[in-house]
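Asks: Structure in structure tokens, see below.
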Amino acid sequence: MSEVVSYEILSGDKGGIAVISIDNPPVNAAGHAVRKGLMEAAARFNEDAAASVAVIVGKGRTFIAGADIREFGKPIMHPVLYEVVNAIEAVDKPVVCAIHGTALGGGLETALSCHYRVALKSAKVGLPEVHLGLLPGAGGTQRLPRLIGVEAATDIIVSGRHVSAPEALKLGIVDALDDGDDPRQAGIDFANRVMNENMPVRRTSEMEDKIASARGNKALFDGIMASVEKKARGQISPIKCVEAIKAATELPFDEGMKFERDAFIELLGTEQRDALIHAFFSDREVGKVPELATGAPRPLDRAAVIGGGTMGSGITCAMLYSGLPVTMIERDEESAAKGRANVEKILDDGLKRGKIDQAKRDRLANELYSVSADIADIAEADIVIEAAFENMDVKKELFERIDKHAKPGAVLASNTSYLNIDEIAAMTGRPQDVLGLHFFSPAHVMKLLEVVVGAKTLPDVTATGFALAKKLRKTAVRAGVCDGFIGNRILERYLTQAAYMIEEGASPYEIDKAVVNFGYPMGPHQMGDLAGLDIGYANRKRLRDSGWNGRYAHEHMDRIAELGRFGQKTGRGVYIYDQGSRSGREDPEVLEIIDRVREEKGIEPKTFTEEEIMRRYFAAMVNEGARIVEEGIALRPLDVDIAMLYGYGFPRWRGGPMKQADIIGLDKILADIREFEENDPEFWRPAKLLVDLVERGENFDSLNKKAA
Ligand code: 3HC
């Protein structure tokens, strides 16, 4: 048979069993060769007098993990998956599917076309196409509702979540669970059962009972659509999923399949699909950094965290949740007690939310975690993470002390969001062991970790930073040393641009609205109110006190903070928060403050459209991103994308700022920058890399590809 699909006959209890095995490492993606092989195997089994039941099973670590994503966007090659699954279902003798690992997307669709499904207990199933800007395109939207009903199917298809085998059994997606760890044997055992119990061919496409009540039920689908539209916020594919599920209830099966197919092809052509698949592969590429090829991570069995404030306690809890024992160091007993209280508050919150149970909460708080006022207690730690106040002198002094007490070979990390790691490392006698680990607040929640590699950092130290991220289930992005690294450096640019636009006439509310409509969960001022406006105020004050004297457009924010309006925590910031409310309403006094600042500066306000706001906000992001890649601070444009997706709320369905810039066209972005440069040459000098790429007719993704 084909190289990736094999066919063998075994003798079963009451006849032959055809075992059809898929062997296409690493995840048995249903690329062209697999599809062709399965099509041929289905036809062969149908004609094969020597076999009365077939078992489809994956070799290696998983059943089919879906269509081959690398084929999307390329010319379509027949047989396509929906033709294959229809052919499997049409076979006249029972076909059993044995699932292990993950049966996702086209993998689950293949399983749904089989007449029976058995899964190992550890297996997971799901239809995650929506995360790729698609909908299940091989019958998933037509067969799953027929099997488990509209509501359950909609939940699985629209969320794209992975469903555990026990839940899949409960829902009726699989018929049986197998306790063993051999999917082939599980399939053979089930095939024998089919023979012994004379189980008939049973086609999902012919099941109508579960969808009968939803047929013509306008209220049901209106309700589903309203809630999906609210959550989808600008995304096309979740809407299409609901339309296709609705079609399953209204159209005969074949027509429903055609509806789904047409929608799938339409979605394949969208920018959102392009962006989301870029994000999928970037998630995997971002971890491929040169240091990992040369350095194996150092041991990571025990950690110490210096500082028990917001960052220190968040980092501590992230490590505790991963099972890593942590010693927290504070400067005195009183602060140590506060540090413990901060950690316990996070753990108690985890308990309340059901993330951990009481026993685990107590084990983490009492066995894995300890706090001390003596820095000598870092001696046992494999990694020491300093999470003290963001101040160079404080950090330098701490690193001198850390150097004295940490054991030889320990990795010494500073959790800093802006500061120069090389200066900090120079305070120790072992700068090769020092790196930056920039966590994001709240550190036990946020997925991003910038791993900042200093001039002397050894490859195995960088590799340990990546290994820690993996242990904490975070996404690590490699960054070089500069003020703000990747994320905060870009953030500073677009926040500055927002402040300029406010000075020139836009309101903070207009800016937030434009940014939210672009796809962010919140605008920069809503974010500022959430984080606390006192933080930015203190930073700006420090910057100005240190002699910085560029164009300053934050007077309105300073005045709001000086009135004691620090955001949500004081009930008033840029927005007003009515008692108990977390969504603010606009504050006319803030607009008055801004008007006054403009008057004092002699600025005649102009109006901004949403499009104008986003053009400037976005161009600021891309220009700085390009500069960061040009300087080698980020390895590739995709590293910038991942940092902005996981740390700053950039909408994933836009792929990240660099990918979005490719989609819009770098020539257009450069033209915008040149237009803005005419009024403000200081801010808008175009990045050389951007100019070069436009001249060469290339884009950011061509740099990603060259680096791969
Ligand atoms: N197509 C092509 N390559 C794939 C792939 C797929 N469906 N799924 C994974 N890969 C690649 C990864 O890019 C990675 O390649 P690399 O080693 O070169 O970086 C390699 O396989 C291993 O993948 P992971 O590193 O992600 O391995 P994990 O063990 O961590 O995760 C997984 C395995 C859960 C299967 C995860 O890879 C995954 O979620 N894959 C995507 C699943 C998916 O979205 N399927 C739906 C596809 S769309 C579809 O089926 C359309 C249909 O309806 C017609």
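Asks: Looking at the stretch 83-94, which of the residues that are among the charged types (D, E, K, R) and away from the ligand (no atom under 12 Å from the Cβ) is nearest to Asp254 (Cα to Cα)?
Replies: Glu89
Asks: List every residue pair whose Cβ atoms lie under 8 Å apart, where the two residues are 6 or more positions apart in sequence or sit on different chains, the first residue falls within the stretch 478-493 and is within 17 Å of Ala413 (Cβ to Cβ), and the second residue, located anywhere, is among the polar types (S, T, N, Q) and part of a helix (DSSP H, G or I).
Replies: Correct list of pairs: Arg478/Thr462.
Asks: Moving on to the next point. Being part of a helix (DSSP H, G or I), hydrophobic (A, V, I, L, M, F, W, C) and near the ligand (Cβ under 7 Å from one of its atoms) is the filter here; which residues of the stretch 95-137 pass it?
Replies: Leu132 - this is the single residue of the stretch 95-137 that is part of a helix (DSSP H, G or I), hydrophobic (A, V, I, L, M, F, W, C) and near the ligand (Cβ under 7 Å from one of its atoms).
Asks: Give, as residue ranges, the helices (runs of 4 or more DSSP H) completely inside the stretch 570-661 that count at least 1 residues that are closer than 30 Å to Gly133 by Cβ, outside the structural domain of Glu450 (by TED's automatic domain parsing) and not hydrophobic (A, V, I, L, M, F, W, C).
Replies: 610-630, 637-647
Asks: Cβ-Cβ below 6 Å, separation at least six or inter-chain, first residue in the stretch 189-218 and more than 16 Å from Cys114 (Cβ to Cβ) and assigned by TED's automatic domain parsing to the domain that holds Thr249, second exposed (fewer than 12 other Cβ atoms within 10 Å of the Cβ) and at pLDDT 95 or above: which pairs?
Replies: none
Asks: Which pairs turn up if I take residues in the stretch 433-452 that are within 23 Å of Gly350 (Cβ to Cβ) and look for partners that are assigned to a loop (DSSP other than H, G, I, E, B) and charged (D, E, K, R) with beta carbon separation below 7 Å, at least 6 apart in sequence or on another chain?
Replies: Listed by first residue and then by second, the contacts come to Lys447/Lys474; Leu448/Lys474; Leu449/Lys474.
Asks: In the list Ala514, Ala553, which residue meets the criterion of being surrounded by 14 or more Cβ atoms within 10 Å (Cβ to Cβ), in a loop (DSSP other than H, G, I, E, B) and of a type in the set (Gly, Ala, Ser)?
Replies: Result of the check over Ala514, Ala553: Ala553.
Asks: Checking the conditions here, which among Lys345, Lys355 is among the charged types (D, E, K, R) and within 18 Å of Lys471 (Cα to Cα)?
Replies: Exactly one of Lys345, Lys355 is among the charged types (D, E, K, R) and within 18 Å of Lys471 (Cα to Cα), namely Lys355.
Asks: For Ala506, indicate whether it is without any contact (Cβ under 8 Å) to a residue 60 or more places away in the chain and either in the same structural domain as Met644 (by TED's automatic domain parsing) or assigned to a loop (DSSP other than H, G, I, E, B) (or both).
Replies: Spelling it out, it is not the case that Ala506 is without any contact (Cβ under 8 Å) to a residue 60 or more places away in the chain and either in the same structural domain as Met644 (by TED's automatic domain parsing) or assigned to a loop (DSSP other than H, G, I, E, B) (or both).
Asks: If you don't mind, there's one more thing I want to ask. Out of the residues in the stretch 31-82 meeting the condition of being within 19 Å of Gln185 (Cα to Cα) and within 15 Å of the ligand (Cβ to nearest atom), tell me which one is surrounded by the fewest Cβ atoms within 10 Å (Cβ to Cβ).
Replies: Step by step, filter the stretch 31-82, then rank; the result is Arg61.
One line per residue, one yes/no per condition, for (1) surrounded by 20 or more Cβ atoms within 10 Å (Cβ to Cβ); (2) in contact with a Cys (Cβ under 8 Å, 6 or more places away or on another chain); (3) over 19 Å from Thr457 (Cα atoms):
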residue	(1), (2), (3)
Phe389	no, no, yes
Val394	no, no, yes
Glu397	no, no, yes
Ile402	yes, no, no
His405	no, no, yes
Ala410	yes, no, no
Ser414	yes, no, no
Ile424	yes, no, no
Thr428	no, no, no
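A quick yes/no check of all residues on (1) more than 21 Å from Val286 (Cα to Cα); (2) at pLDDT 95 or above; (3) not aromatic (Phe, Trp, Tyr):
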site: Lys471; (1), (2), (3): no, yes, yes
site: Cys482; (1), (2), (3): no, no, yes
site: Asn488; (1), (2), (3): no, no, yes
site: Gly536; (1), (2), (3): yes, no, yes
site: Lys541; (1), (2), (3): yes, no, yes
site: Gly547; (1), (2), (3): yes, no, yes
site: Ala553; (1), (2), (3): yes, no, yes
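Asks: On to the next question. Evaluate the following for Glu89: is it within 16 Å of Gln142 (Cβ to Cβ), among the charged types (D, E, K, R) and in contact (Cβ under 8 Å) with a residue 60 or more places away in the chain?
Replies: Judged against the criteria, Glu89 is a match.
Asks: Going through the stretch 244-265 one residue at a time, which ones are crowded, with 18+ Cβ neighbours inside 10 Å and free of Cβ contacts under 8 Å to residues at least 40 places away in the same chain?
Replies: Lys246, Phe259
Asks: With the structure loaded, tell me whether Phe259 is more than 23 Å from the chain's Cα centre (by Cα) and within 16 Å of the ligand (Cβ to nearest atom) or whether it fails that test.
Replies: So Phe259 fits the description; yes.
Asks: Does the stretch 4-23 hold any residues that are under 43 Å from the mean Cα position of the chain (by Cα) and of a type in the set (Gly, Ala, Ser), and which are they?
Replies: Matches in the stretch 4-23: Ser6, Ala18, Ser21.
Asks: In the stretch 213-235, which residues are of a type in the set (A, V, I, L, M) and surrounded by 13 or more Cβ atoms within 10 Å (Cβ to Cβ)?
Replies: Passing the criteria: Ala214, Leu220, Ile224, Met225, Val228, Ala232.
Asks: Here is a check on your reading of the model: is Val305 of a type outside the set (Lys, Arg), farther than 30 Å from Pro657 by Cα and touching a Ser or Thr at 6+ places or on another chain (Cβ under 9 Å)?
Replies: Here the answer is yes, as Val305 does meet what is asked.
Asks: Right, another one. For the stretch 665-694, which residues satisfy the criterion of being among the acidic types (Asp, Glu), touching a residue at least 12 places away in the same chain (Cβ under 8 Å) and over 20 Å from Ala499 (Cβ atoms)?
Replies: Of everything in the stretch 665-694, just one residue is among the acidic types (Asp, Glu), touching a residue at least 12 places away in the same chain (Cβ under 8 Å) and over 20 Å from Ala499 (Cβ atoms), namely Asp667.
Asks: Starting from the stretch 100-111, take each residue that is touching a residue at least 12 places away in the same chain (Cβ under 8 Å) and list its partners that are more than 8 Å from the ligand (Cβ to nearest atom) and assigned to a helix (DSSP H, G or I), counting only C-beta distances under 6 angstrom and pairs at least six apart or across chains.
Replies: Every condition considered, the pairs that remain are His100/Pro183; Ala103/Ala111; Glu109/Val85; Thr110/Val85.
Asks: Among the residues of the stretch 138-166 satisfying the criterion of being more than 9 Å from the ligand (Cβ to nearest atom) and part of a loop (DSSP other than H, G, I, E, B), which is surrounded by the most Cβ atoms within 10 Å (Cβ to Cβ)?
Replies: Taking the candidates together, the pick is Gly149.
Asks: Now for a separate question. Tally up the residues in the stretch 214-239 that are in a loop (DSSP other than H, G, I, E, B) and more than 14 Å from Ala153 (Cα to Cα), please.
Replies: 7
Yes/no matrix, rows are residues, columns are (1) among the charged types (D, E, K, R); (2) free of Cβ contacts under 8 Å to residues at least 60 places away in the same chain:
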position: Leu38; (1), (2): no, no
position: Glu47; (1), (2): yes, yes
position: Val53; (1), (2): no, no
position: Gly60; (1), (2): no, yes
position: Gly66; (1), (2): no, no
position: Lys74; (1), (2): yes, yes
position: Pro79; (1), (2): no, yes
position: Val85; (1), (2): no, yes
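Asks: For the stretch 264-316, give me the residue count where each residue is within 12 Å of the ligand (Cβ to nearest atom) and of a type in the set (A, V, I, L, M).
Replies: So the answer is 7.
The values are calculated or read from the model by the stated rules, or taken from the named source; none is laboratory data. None of these values were measured; they are calculated from a predicted model. Here the Cβ is made from the backbone with ideal geometry for all residues, glycine too, and neighbour counts use every protein chain on show.
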